[in-house]
Structure formats: C-alpha cells, structure tokens
1. Does the range 2-10 include one or more residues that are part of a loop (DSSP other than H, G, I, E, B), on the phi > 0 side of the Ramachandran plot and touching a residue at least 60 places away in the same chain (Cβ under 8 Å)?
2. Among the residues of the range 20-53, write down those that are under 29 Å from SER121 (Cβ atoms), touching a Phe, Trp or Tyr at 6+ places or on another chain (Cβ under 6 Å) and open to solvent by 50 Å² or more (accessible area, probe 1.4 Å).
3. Taking the range 92-106 as the search range and keeping residues that are open to solvent by less than 30 Å² (accessible area, probe 1.4 Å) and over 12 Å from the mean Cα position of the chain (by Cα), which one is nearest to TYR60 (Cα to Cα)?
4. Can you find a residue in the range 54-70 that is open to solvent by 80 Å² or more (accessible area, probe 1.4 Å) and in contact with a strand residue (DSSP E or B) (Cβ under 6 Å, 6 or more places away or on another chain)?
5. Yes or no: GLU6 open to solvent by 40 Å² or more (accessible area, probe 1.4 Å), within 30 Å of SER121 (Cβ to Cβ) and not hydrophobic (A, V, I, L, M, F, W, C)?
Amino acid sequence: QGQLVESGGGLVQAGGSLRLSCAASGRTFSRLVMAWFRQAPGKEREFVAAQSWSGTWTYYADSVKGRFTISRDNAKNTVYLQMNSLKPEDTAVYSCAVGSIGTMPGSYTYWGQGTQVTVSS
C-alpha cells in the first residue's frame, strides 16, 4: 500500500501565493491520476484540480481556474499545487489523492491527511 503526505500549508495574506506538495511513498503511483481536494469547516469536500500520470492533461475547478496550477514529478513521486492570487474563500484543509479520473472523491483510492491553508483578508 502507498502513503501520501502533504506539506506546504500555512497562513498567507489575500493575494499571496502558496505551494503545496504531496509526497508518495511505499509504491509508485504509475499510470494513476493525482488530484487535490479541499474541505472548509462545515462544508463538503470539494474538488480542486487533477492531472494525469503522463501530465498530458489537467482539470481545474472553476473556482480556482487561472489561479492554481497542478503539476507532478513522477521521478520524485510528488504532486504539487501552486496557488496564486489566494482569496479568503480558499481557506480549507487541502488533501491530495490518487486514483481514477474524475472530480468525485469516490474516484480516488489513496488519500493524504491534509494540510491547512488559511488566507487572511
């Protein structure tokens, strides 16, 4: 079995940037989709972005399109989420996931524990 560990979360001012990392261990997630989800207090888990194993396609939620960029380094078994122009509404626990293509949590098999991102006004 594999394990995913997120890092890079923290407190940032509105308009600022943050880069999240998700490192996989225990196995290589070859040919699997890697994605980011987020969950704010009192809300359902929300899809953020996903990228294919080959890196040939990406998909973003409308709420983050143009501001966030997902990327991956398969040699390091790591996926990244570059977050620019952050808004207070982006405040949430961000989790990485690995699985099949899709925007629903049920499409993903492996999950990290999450990293807190807080955006202040």
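1. Within the range 2-10 (the criterion being part of a loop (DSSP other than H, G, I, E, B), on the phi > 0 side of the Ramachandran plot and touching a residue at least 60 places away in the same chain (Cβ under 8 Å)), the answer is yes, since at least one residue qualifies.
2. Result: ARG45, single match.
3. Here the residue is GLY102.
4. Yes, there is a match, as at least one residue in the range 54-70 is open to solvent by 80 Å² or more (accessible area, probe 1.4 Å) and in contact with a strand residue (DSSP E or B) (Cβ under 6 Å, 6 or more places away or on another chain).
5. Taking the combined requirement at face value, the residue does not satisfy it.
The values are calculated or read from the model by the stated rules, or taken from the named source; none is laboratory data. What you see is a predicted model; the values in this text were computed from it and never measured. So basically every Cβ, Gly included, is an ideal-geometry build from the backbone, and we count neighbours across all protein chains shown. Quick note on the areas: whole protein, heavy atoms, side chains included, nothing else; ligands and nucleic acids left out. Shrake-Rupley method; radii C 1.70, N 1.55, O 1.52, S 1.80 Å.
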